[in-house]
Amino acid sequence: MFSPMGGTGTPDLSSLTGTGGQPSMLDRATAMLKENRTATEQQNEKIRAENKTIREENRADAERRRAAAEATTPAPASATGGSAKAAAGTATDAADDRPRGYRPRTPSLSPTYADEARPTDAPGSGGPVAERKEESAPSFAVLASFEMKRVHQRGIFKIDLNKYTTDNLTLRFDENIGDMRSLMKEGDNFRQVNLDDPLYKQRELVVFVDGMNAKDFGDYVNFATVQMRKHHQGGDETQDEVRIDRVNFNKEGNNFKLLYGWKNDSDRRQWMNYEYQTTWSFFGGKEVVQPWKKANAGAINLAPPFQKHTVDLQADPDVITAAGVRSITVKLFYKLGDTEQVKTVTLNATKGQLSDKIDFILPADVVNYDYQIDWRLKGNRVVSSGRKSASDAILFVDELPSAG
């Protein structure tokens, strides 16, 4: 429990140590703890005295209840007058302890709660009065000091009211134009149309890229362009185009739209047919223009002409150490159309780097690639495997060619 000690100001070193005849803060806290413990002990002494009185009263009440219970028991027929008188005297002595104005009940009836109730009893309690619990003495005391911080600022503040910022304010401009029933009878002021008529129909085509996530698209594809054309029955042509790049691929969530409408197309089935062409631009300057395709589906699935492939490079550390290899250089060759691409990875055997992977793209119907492995041995001697072909997803680079 904390209590204020009074006083103002911030304690300095002299007040903390108690110099100059003034008690230190530790002495003041010790004195406060002693005072609180003394006050608690005095309060507990009062509680003990009250509890002693309560015990005595409870004991006297128990004796009175026992005597009253014995008085209600009928005396035997052979009892003498002296015994009856003694019993009556006992009942009279028990009744003398009752408050003034108490009117006892008929001896033949057992005592009720009202007969035994006392002013100090809790409401609804018919038993002995409970004793009070003693208060616990405080185990420590805290003497703290604080100071309110004051901050004073001085300077010149200028507010320039010549500046302004733009904002948008939305205002409604609709009004009740009044009763227009008179205009309905005159000419063609109003016209009713059937919105379900094919003339008001439009067809929306959904375009999405198949087999690629956002990372793959950004790593290998510059952009993809989809052109759509629709030849209408009346001879008109509708064209629409959408461009997909790494920015709007993420923004649109790989969900793009093309649109064409109804232009004198009386044949409903023929109106569903359209054509589209896709142009792909890959990293490395490779561009693939796919031919025009006919379709009638409500979605266009763009399958990239090149697919991502991954080759894992692995080496046995025991074999590499026994051969005295210091580094391994792997070159992987693949083609995008007529252009050959090369990717190079170097494994540092002296630092324990004996695995890596190479990501590249190949045409959708091709799985073969070329590779060349160069091992650099001690003394800067280089051993090469020469250019070889493979199609495996795992390439072991610890098989050095024999000296012969």
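Laid out as a table, the results:
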{"quantity": "When each of LYS251/LYS286; LYS201/LYS251; LYS185/LYS263; LYS230/LYS257 is checked by Cα-Cα distance, pairs over 23 Å", "calculated": "LYS251/LYS286; LYS201/LYS251; LYS185/LYS263"}
{"quantity": "Reach of LYS46 by Cα under 23 Å, taken over lysines that are not fewer than 8 positions away in the same chain", "calculated": "LYS34, LYS133"}
{"quantity": "Simple Cβ-charge dipole of the range 301-404, Lys/Arg +1 and Asp/Glu -1, about Cα centre, in debye nearest 20", "calculated": "440 debye"}
{"quantity": "Estimated FRET transfer efficiency when R0 is 25 angstrom, pair ASP196-GLU275 (beta carbons, to 0.05)", "calculated": "0.35"}
{"quantity": "Sorted by Cβ neighbour density within 10 Å, fewest at the top, the residues LEU400, LEU195", "calculated": "LEU195, LEU400"}
{"quantity": "MET228, MET148, MET272, MET25 arranged by Cβ crowding within 10 Å, fewest neighbours leading", "calculated": "MET148, MET272, MET25, MET228"}
{"quantity": "Positive dipole terminus of the range 198-304, leading residue within PHE217, GLY284, GLY298 (C-beta point charges)", "calculated": "GLY298"}
{"quantity": "Likely footprinting exposure, GLU252, GLU45, fewest C-beta neighbours within 10 Å first", "calculated": "GLU45, GLU252"}
{"quantity": "Spatially proximal aspartates and glutamates relative to LYS163 (Cα-Cα < 20 Å; intrachain offsets below 8 disregarded)", "calculated": "none"}
{"quantity": "For the range 198-304, size of Cβ-based charge dipole, Lys and Arg +1, Asp and Glu -1, in debye", "calculated": "200 debye"}
{"quantity": "Three-way shape call for the range 307-396 based on the alpha-carbon gyration tensor, with the a/c threshold at 1.5", "calculated": "prolate"}
{"quantity": "Efficiency of FRET from Cβ geometry, ARG55 and SER145, R₀ 51 Å, rounded to 0.05", "calculated": "0.60"}
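No value in this document is a laboratory result; all are computed from the given coordinates. Note that the structure is a prediction, hence the values are computed from the model and not measured. As a convention, Cβ positions derive from the backbone with ideal geometry for all residues, glycine included, and neighbour counts pool all protein chains shown.
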